[in-house]
Structures are given as C-alpha cells and as structure tokens.
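One structure is given here, and the rest of the page talks about it.
The values are calculated or read from the model by the stated rules, or taken from the named source; none is laboratory data. Computed from a predicted model, the values in this text were never measured in an experiment. Ideal geometry is used to build each Cβ from the backbone, glycine not excepted, and the neighbour counts take in all protein chains shown. Quick note on the areas: whole protein, heavy atoms, side chains included, nothing else; ligands and nucleic acids left out. Shrake-Rupley method; radii C 1.70, N 1.55, O 1.52, S 1.80 Å.
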Protein chains: 4
Amino acid sequence: MKKKIKFGACLPTFASCADRYCLSGYGPQRTLEEMFQRASIVEELSGVELVGNWHLNEDNFEYIKETLKKYSLEVCMMTPDLWTQAKWGKGSFASKDKKIRDEAVKEVKKVMDMAADIGCDKVDVWLGQDGFDYSFQADYADDWNNIIECTRECARYRDDIKVCIEYKLKEPRKNCYVNSAAKTMLLINEIQLDNVGVLLDLGHSTAALENPAEAAALISRYGDKLFYVHFNDNYRFWDDDMMPGSVSIPVLMEFVFWLEKIGYSDYYTLDIFPFREDGVKAAIESIEWIKAMMKVIEDYGREKIMAIIKDGDATESMKMIREALIRA
Amino acid sequence: MKKKIKFGACLPTFASCADRYCLSGYGPQRTLEEMFQRASIVEELSGVELVGNWHLNEDNFEYIKETLKKYSLEVCMMTPDLWTQAKWGKGSFASKDKKIRDEAVKEVKKVMDMAADIGCDKVDVWLGQDGFDYSFQADYADDWNNIIECTRECARYRDDIKVCIEYKLKEPRKNCYVNSAAKTMLLINEIQLDNVGVLLDLGHSTAALENPAEAAALISRYGDKLFYVHFNDNYRFWDDDMMPGSVSIPVLMEFVFWLEKIGYSDYYTLDIFPFREDGVKAAIESIEWIKAMMKVIEDYGREKIMAIIKDGDATESMKMIREALIRA
Amino acid sequence: MKKKIKFGACLPTFASCADRYCLSGYGPQRTLEEMFQRASIVEELSGVELVGNWHLNEDNFEYIKETLKKYSLEVCMMTPDLWTQAKWGKGSFASKDKKIRDEAVKEVKKVMDMAADIGCDKVDVWLGQDGFDYSFQADYADDWNNIIECTRECARYRDDIKVCIEYKLKEPRKNCYVNSAAKTMLLINEIQLDNVGVLLDLGHSTAALENPAEAAALISRYGDKLFYVHFNDNYRFWDDDMMPGSVSIPVLMEFVFWLEKIGYSDYYTLDIFPFREDGVKAAIESIEWIKAMMKVIEDYGREKIMAIIKDGDATESMKMIREALIRA
Amino acid sequence: MKKKIKFGACLPTFASCADRYCLSGYGPQRTLEEMFQRASIVEELSGVELVGNWHLNEDNFEYIKETLKKYSLEVCMMTPDLWTQAKWGKGSFASKDKKIRDEAVKEVKKVMDMAADIGCDKVDVWLGQDGFDYSFQADYADDWNNIIECTRECARYRDDIKVCIEYKLKEPRKNCYVNSAAKTMLLINEIQLDNVGVLLDLGHSTAALENPAEAAALISRYGDKLFYVHFNDNYRFWDDDMMPGSVSIPVLMEFVFWLEKIGYSDYYTLDIFPFREDGVKAAIESIEWIKAMMKVIEDYGREKIMAIIKDGDATESMKMIREALIRA
C-alpha cells in the first residue's frame, strides 16, 4: 500500500455489547476512559466514532477532548443519537409528530456543532427508528417527504460539516425507510447539497442484498458522494456486526478494490459488535483482514485484476481470486 | 368498486410452465391459438401480455391480430425478448459487447413499433440477463452507464410508446442490475424522458425485500412514473410466481390500497407461473383475490383506513385488517 | 369452537420491550405487580409464562403465588433463565466449560421444582446461547453430545415435569444448535424419555424456513411430542416477535388447523415483543387473530378442508382459503 | 494431502445449462460423447455422475460402458430420474397417487440394478418434486409416511447398493419434504437399514441455512451415514450451483476440515451449473479450490486448528483462518 489508510472504530467496540436477551451485556462494564484506553491499544487505530449524548455531550466535552489527546486518538465521526431513547421509537425525521421531528433536527444540528468543535467534519445520520413494522401503519409518501425535509434542513445548517446518510434495511424497525444505496442516492440527488452523501456500512449493504462494490460504484456515479465506510460482516439475514472477512471474503476483497478504484480516501472504520469477544482483539483482527485484502490486491496487481473484470469470464475471476488470495 | 379495473395476464399463464429440471414443462404443450383461447375463458380478462419473437413477430402479425379479435382480447403489454436466447446470456443493455448492446436496442425498437402496430402503447424492458454472478466479473460503472444509454436511446426512438422498466433482484442472473424501485427511479430520474417509467412486479418487489406499497408511493413521488403492475406472490427468497394472496395477504391488500391512492389507472396484470396448476383456474382465482382485496377496502372504507394509517398504532392496524379482511 | 382453548402469554408482553439500541426499552417501566395486573386486563388470558430468577425466585415465591391468585392467572410455563446473564454467553448445555454446563442443569432442575411448587407441569428449555457465531469456533460433535447429556439429566430429574425443548434458528447466537423441528426430534428420539418434547414457536418455525403446520405433523409422528406452542409472526429473516397474522395469514390458519388435527390440547401462548405497542392491546388483538382462524375453519368445515388437502389442487386450496377467510 | 482424493462431477457440467428463461441452454448443445470427452479433459476427474434414462438406459448401456472405458472414467453415482418428466410434477415417493409412487420405486430399483451393472455401488435419491407449493395443499403426515415407506422398499431391494438421500430445502417444489440434514437423519434413523445414508450437497446445506460442517458432524453421530458429498456454492437464498469458493470460503474450508475429521472417504463430486461458463474450465477451477482448502489446512496443521476450535475464541479462529488461508 502506497497510500496510508486511516483506521477507525466505533467506540462501543471497546465496551460491553448487549442484546435484547442479555441487556447488561456479555463483557465487563467499561468506563468511557477505559473505552478510549482500550481503543489506544489497537496500534493501527487513529480514529474513534462517538455517539452524541452517550459519549460526547455538553458536560464532558473538555474531558473527552483531553482524553482523546491523552490516547492520541481523533474523532473520525460524530453520530447524533436518534435511536437510544424511547422518544425516538416511532421515528425521528419520519416521526408523525412535528415536535419529534424538530427535536431530531435540533439534535443533529447540536451534534454538527459539537463535531466542528471537536475537530471532526462529519456526522453520521442513521435513521434506524424511521420506518414501519406492520402493514397499514405508515403514510409512506408523507414520511419520505419528512425525511427529505429534515435532512435538507440539517445540511443547510452548516456546510462545513458533511451529513453522511447511513442506510440499513431493517433493525431496530422491521422495515427502515433509508434502506439501500440507491434509495439513499435518490434522496441525495433530490436534496442537491454538496455536504450530503452516503455512509456505506459493508454489512448493511450485504444484508440489503447488495454487492457493496457495486453500491460504491453506483454512489460514485453521482460525484464524490461516498463520504464514509463502515466495515463488518454478517450472514446476510441480519446485521450481525461480525468481524470483516468472517463470512464474505470475496465480497470484502472486491469492496476494498473498488474503494480505491473510485478514489475513496477517508477512514476505514470498524462497526462491529464483539458480543462474546475481546473488543481489542476483535478490532486488531478486523484491521488485519482489511489490510490483508489490500495487500493481496497490490501483490496480484490492480491492472491484471481490472483486465479480468473487463473480460467477464467467471472462471478467470475465480482463478484470480484463488491465486491472489489463497495461500496454496 | 366504482372504477372499472382492467385485468391482464402474461400469455404463458395459459401454456406449459417449465423449469431447469423439467424442461419440457409440467403441463400439456399448447399452441398459440390454444393459449389465446384459454385466456378468453377467463371472463374478467381483457388483456394479454406478449413476448416479441416468441408470441408476436413479423411472420405471424396478421394471424395474431385476427386471433386477438376472435377472442376479444387486446395486447396490454409487449415485451421485447432480451432473455430467451443464449446470445443474451451475458447481458443485453449491459453486455460488454457493443454489438450485443446494439442488437438489444434494435430489438426493443422493433417491438416498440410492433406494439404501436398492434394497438399497445407500451413495452416491458426487463433486463434479467444484465447483471453478474461472481465477484470480480463486472465493471459496475461501465455496465450501469450502458444500461442508461441504451434505455435512453430506446425511449427517444418514439415518444408515443412508454418504456416500462421492470426491476428484479435476481434470476436469471444471480445479481441483476436493475433490482429495486429506488434504483429504477435513479435511472429514470437521470434519463428525464416522459415515456420512461416503472413496471412494478409485486413479487419482484417482495423478493427484493421491499414493501410494494411503499415502493409504489416512492415511485409516484416523481410523477406518474408507475406505468404498470404485475401481480403474483412468493416466499420472499425467490420469484416463485405464485397466485397473489398465497403468501402475503396484508402486503397485497395494502398494495391494492396504495395503487388507488396514487391514482394508478392501467392494467392489473397477472405474471404467474402455474407450473402444476391449470392456468385458466389459476388466473381466475388470482383475479378473485385481487377483487376481494378491493372489495374489503371499499367495504371498510378508505377514509377510515387512512385515519388508521395516519395514527400509526400497529394494534389498530391489525384490528382494521382483521375486521376488514377476515370473515370471522 | 366446541373445545375451550386456553390462552397464555409470556409476562414481558406487559412490560417495556428493549433491543440492543434502546436498552432501556420503548415503553414505560413496569413493576412485576403491574405486569400481572396488565395481563389480567386481557379477558381471554388465563396463563402467564414466567422466567426463573427474573420473574419467579426463592425470594418472591409467596408474593407471586398471591399475585397470581389475586389476578386469577395460572403459570402455564416456567422458563429457566439460560440466556440473560453474561455467564451463559458462550453456552449453557453446550458450554465448553463443564462447570457452566453443571450450573445450567442445576438451574433447570431448580426451575422444575419451582414449576411443580407453583402448580405448573412444564419448563421451557430454550438454548438460545448454545451455538456458534464464527467458522472454526465450535466442536459440533462434542457440543451436540453435551446438549443431549444435559437434557437427559434434567428430564430424568423428575418425570412429573415436562421438559419442552424450544428450537430457534438463530439469536442471540448467530447459529443455534437446536434450530429446527427435525433436529429437536432427533434429540428427543435419542433421549427416549416420555417427559421430553417440543415447544414449537410459530415464528421460530417460519424463520427457520419451515412450514409450521408441517413441523407440527412431523413432531406428532413420534407420539404426543408437541408439548406446547408459541404464537407470533415475522418476516422470515428474523424472530421479529410480531402479532400473529401480521405477515403470514395462510400459514397461521393452516397451523391452527393442524394443531387441532393432531390433537394438541395445551395452551395457545403468545410470545410477542410489542416494542412500540401497548402490550395489553397487542395481546388482545393477537388472541382475536387466533380465534378468528379457528372460527373461519369451523365455519367452512374441517371435512371440506381435509378433502381439498387430499386433492392437492392448489387453485382449490386458494379458493378455499379465500372463501373461508376473506370477507368479500 | 496424504490420502488420494477422488474427484467426480455430474455429467451436465459438461453440457449446456438451461433455466426457465433460456430453455435451450446458454452454451452449445453437446452429444453424450462430447460430454464424456469434455469430462476427460479435467485431469483430476475420475468419476462422473449419471442420471438414469437421460444419460444411461437400457438402449445405450453398452455404448456408455465403452465410452467410460475410452475416457478412463468411472460412474461415481447413478441418479434415478424422479424429476425431469411431467409425471413426477406433483411428487414421486410422496405422490398422492399410489401408481406414481410405485412407478417411482420401480424407477429407483431399475437404476439400482443399472448402477450395479455399471460398477457403481450407490444411487442418489433426490426427491425434488416431493413437497408442496401452497398452504392447504398437502397432507404432511401421509406424505412423510409414503416417503419413508418407498425409501425402505428401495433400500430392501438390494443391500449391495447404497441409497443416498439428497436433501434440499426447495426447488423445484417451493417446499421440499426432505430438506435438511436433521430431517434426513430422522428418516434414516426410522428406517434402520445399513444401506441408507445421506448425500450432503454443500450448497443445499447452506441454502437450508445450515453450516455444512455442523451438518456433517451431526450425520456422523449416527454412524458412517455421510455416504456422499456434492460441492458447489450459492448466495444462501437459492441453489445457485456456483463454483465452490465463490461465496462462502470459510464455510468451504471448515467443511473440508470436518470431512476428513469424520473420516469421509468417498468421492468429492462437483454439482455445479456453469450456465455462462465453459464447463471444463469451471470444473478445473472448482477442483483447484477444493484442493487449495485441503492444502491450507495441511500446511497450517490439523492439530493446531483443532486446538483453536476447542478454545472457542472467535478472534483466534479468525486469526487462524487468515493466517492459514490468506496470502498476505
């Protein structure tokens, strides 16, 4: 790799991961300080993704700033909290209640300011509670309109902060509105503001039955709209948030290939939930997998790979993957 | 139902359906004449969907015209054949081979002319062979560009014929390019021609993990872009082409509700594959299911339904569905 | 319905439901007393399912007994807690650690005693943490053996308490061992003890890509081995724990038909997670759906339905479902 | 690899592959002679799997025997044709029609004799047409009983021929009866005959949402019941019959590891459908992938791998897979 890749991780990687059955989490409870300290053990890691309120708020701003400095970490992404509280349960930007929508927009703006203050130029707008569970429960036309309006208002608030729309097919809502690369681009093309783009989460993409490399190519058709990426893996039926490489190796390899091809140059950030694993070890291993993909591509040669793609013979693609990838 | 709904069916509903295991088909072989005759038995049916070459071509044009008249049927849709021949195996509009792309465009134009001649104002462009099976087999950027260029060229050829883009997640390609309502709208919004719109196949939508009602609402945001619909059902993992209502009743009911809500006014066409059933009986039963959905909606009252949607309480949605739908 | 059906519900139906994003739950917090009180509002409900430790334990035994009496409820099922604590994270019966396995068996035995004391003759052994997430993480042979040994030991402990094995494809483990009706029957057939049988959760069955009616028939081939059922619904990709009827109406109707056909006579218990709904309303509506299925079957006539099944013509099956089910 | 592995392939690998859209097939038509000749090009291939009637029948027996000799191939498996003809459309062993069931049993017996005559000791009983498509279409109890009775009768016919039951979740029926390793073992355990065992098709296993390595371990719990394996790959939603390694590399690696662990010693047979590929190249590449998996396991060391499995730390599993597998 000639270019230096920056690796990031969502901070909860280094905390105890809970699910709906084990609400207290599978690992030991960690203080914020411990989470940063543990992040700092991961040598290649330079950025952490923080959630507003939860990790960073008005009260602990100076403390977090100090802690970041202490552990030589920067904030690679700020995520407004639009999902951890019951009030967002039936939606934030797509809430039927204008007051809730206003509150959601306000929350995003607040975190945009906070991001700027902490030295981060982007926020992750993930609308996980915006969608519907049952038939005949939602006015799809109104709701989509509200999502567009709220996103636009946030983006206009300050154009020095990038609004990264993170799509996901489902969970926590059984059906989320912003659920695919194409639908996110529809929204972005309609808003037409330079500071709105896509956060492509690798696992969200595969669980939405996309090929992430294709999704990246599609997004980049409309300009430098791939603002940010998350790495993880799953069995395609759910957002399992496993370590990258655990299930979909050729998909990971091809995604890494296309990221460079389209000129993506921001963080390679882990969004994993190491429920039953040590988060530090899981982060290290995840980064090793991404680096391994980069290395096998470089070793085999990007031009040779491109020639095979252009040829389109799947037996040659399989041969290339095998020869590039497999130690045999 | 105040408004008269027109029902159509793909002609192969009335023929023998084959799959990759039973290539000769599960039912008795039928002549073209028999297919039309069988279609005519289905009282409510007024339109048939024909595939170019296969059902309608230069050689049998007059014969088909006569036969339609004889059985009081009209052509509700003409579908260019871009998938039954080996030459399309690696793509039509997205073929890597310019000659094949040109041939595909020519084929579509030919069928557009044929449609006009037979009194039908639309063609169904279904790009089932355009996609990829394996990783590192396709240049997603180039291929998507070619799809847009070819579609544009066809649409410009004559603006009196509507080009209906039918999306499908997969099959025959393991991954198809034009695979969701949102992606189809991205394409359509880029082309910006009045005669390009969407053909929403109910089962393609559920198998793409969409909610078809939401898809219809999304499409209609961008104008009268829902040009046409296909009805069928499946278990969400594959395009099973079963009778509507067989699996997803609330989805069907909500889709029918939204079709009227957005002002859809064209054919309600069956695209089923009654492999082991009598096609005539399957078509009759399918139409009964669609009509039943319309009736329960009318009986319960569209305004009352809309109020429940606006409220968003899923227990009320479930109560409404039960009271409107279930004979108990 | 000639026979009186008893309806039950898992107690958390009446509490606040949480997920991994909103750990504090979407609804208001409820005391145990409130949960029972809320359950008692649901007129048709006579049984509640309690989790050991969490709902019923050594310390509150008398209080719970009183409370049940106060609200005229009985315990229809006791569920040993083998999943809410971090110590079970890597397995209970299939833990690699003999100490944990012993603890799990002890926990089940304790709850068996508790069940007997509270007047309930069965326990629900759900091994949600027993499985694996990643490749090369588990010794499948050893683990399966341990599951059989532990189950056998519990069953032998006291034969007046039925051990109901609840299967589930996944969650919380990405892959659970006891994951289908057939695999559960393999285990049961090997153990060969009268008091070991199956708990069939409708949603677990559909999410395991089974047809629940077929699963019930399969289980009943090996004697009265369908000990208990749970009702809910989902989109087949995850255990969404929605109200029955919300997605899979024909599946629900057929399941209810087969339950009676095979002579199932125990509780019809709800296992729903009404995250964003009022639990009382959700329980009432769920029971209405089940009762509606029973009624449409009785009204149409079981013999007429059986004749259609025997005939096997899907167009007649669809016609029957429509005529029996749909108010149109 | 110390032990010599024998590789086989289904004969249609070397013919033109068709699907329901392109019924004439994507590649050039091939004569039987050409198929064998093409198989013989694949150096590592020593066995071919033939379908009764289609490939081998009373009329061409001597010719096929000569041709096998000419190309130094042996028959590794004979498959009775219970699916290519319309008469099997509604079932073979589970047909509601006793005449059809008898015919199916007769067909299997005929092919058992044929197998013996051609020097092959096993038949592949794949009941792809035995199942149901719609709700209320099948008597699950009767049908399962008939499957067991017919299988038993075939197995008793001659005990020198192994009856290998091949399970598959779906296709061509929307739901097949014999659909998982566990259900197949239920059937086998009930029949209790030495010459009945399982044919595990890798892709059928992943599409049934199994982990094939776990399935192999489960089967081997009940004796040497894993009679035969098929290799291929898919995206888990359908039996895509792609080259092994194309999607699920860790799954393939772990399956190969467990095959040797449980002492599987028969053919490693390809069951791929190279629709758009050259069959010879696809077979060669598929074998290279399987061999690569064997080699990386040997190079890393089976004992070291077993120690990691026994430890159960997923970060160590991922590290092992990376270090063993990835050329980086």
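Annotations for the structure displayed:
- Protein heavy-atom surface of the protein assembly as shown, 1.4 angstrom probe: 48% of the accessible area is carbon and sulfur, with nucleic acids and ligands not counted.
- Residue order by solvent-accessible surface for A:S265, A:S40 is A:S265, A:S40, largest first, with ligands and nucleic acids left out and a 1.4 Å probe.
- Mean residue ellipticity (222 nm) of chain C, computed from DSSP H runs ≥ 4 via -39,500 (n - 2.57), nearest 500: -14000 deg cm²/dmol
- Near B:D159: Cβ cut-off under 14 Å, other residues only, Lys/Arg at +1 and Asp/Glu at -1. The net charge is +1.
- The protein assembly as shown: antiparallel DSSP beta bridges as a percent of all, rounded to 5: 10
- Counting Cβ atoms of other protein chains within 10 Å of each Cβ in A:148-161 and taking the mean gives 0.
- Förster radius 51 Å - calculated FRET efficiency between C:S265 and B:Q37, Cβ distance, rounded to 0.05: 0.45
- Length-normalised contact order for the range D:146-291 - Cα pairs under 8 Å, 6+ apart - percent: 19
- Here C:D224 and C:W54 are evaluated by their C-beta separation; at R0 = 41 Å the FRET efficiency comes out at 0.85.
- Accessible area buried by the pairing of C and B, both sides summed with a 1.4 Å probe, works out to roughly 3100 Å².
- In Hz, Karplus ³J(HN,Hα) per residue of the range C:232-239 (6.51, -1.76, 1.60; θ = phi - 60°; x = Gly, Pro): 5, 8, 6, 8, 6, 9, 6, 7
- Ligands, DNA and RNA excluded, the heavy atoms of A:E260 present near 80 Å² of accessible surface to a 1.4 Å solvent probe.
- Among D:G312, D:G128, D:G52, the largest mean-square fluctuation in a Gaussian network model of chain D (Cα springs under 10 Å) belongs to D:G312.
- Local electrostatic count at B:E316 - Lys and Arg +1, Asp and Glu -1, tallied over other residues with Cβ under 15 Å: -3
- Per-copy distances of the A:D142 label point, shortest first, in nm (7 angstrom along Cα→Cβ): 4.9, 5.1, 5.8
- Per residue of C:12-20, other chain Cβ atoms within 10 Å of the residue Cβ number 3 on average.
- Cβ neighbours within 10 Å from other chains - mean over A:216-225: 3
- Heavy-atom accessible area per residue - the range D:18-128, 1.4 Å, Å²: 41
- For the range A:7-325: relative contact order, % (alpha-carbon pairs under 8 angstrom, 6 or more apart): 16
- Label-point gap, in nm, between D:D142 and D:I118 - each point 7 angstrom along Cα→Cβ: 3.5
- Between A:A155, A:A217, A:A86, the Gaussian network model of chain A with springs among Cα atoms under 10 angstrom shows the greatest mean-square fluctuation at A:A86.
- Inter-centroid distance (Cα atoms) of the range C:1-55 relative to the range C:199-217, Å: 23
- Cα radius of gyration and Dmax for chain B (Å): 19.5, 61
- Three-way shape label, the range C:87-215, alpha-carbon gyration tensor, a/c 1.5: oblate
- Summary of the geometry: the range B:260-328 and the range B:73-152, compared by the centres of their Cα atoms, lie 32 Å apart.
- Three-way shape call for the range D:79-139 based on the alpha-carbon gyration tensor, with the a/c threshold at 1.5: prolate
- Summed residue charge, Cβ within 11 Å of D:F257's Cβ, Lys/Arg positive, Asp/Glu negative: -1
- Tensor-based shape of the protein assembly as shown (alpha-carbon gyration tensor, a/c under 1.5 rounded, otherwise prolate or oblate): rounded
- Between D:A86 and D:Q192, the simple label model (points 7 Å from Cα in the Cβ direction) yields a spacing of 4.4 nm.
- Kirkwood hydrodynamic radius of the range B:1-115, from inverse mean 1/r over distinct Cα pairs, in Å: 15.7
- In the range B:248-328, the alpha-carbon atoms span a convex hull of 111 Å³ per residue.
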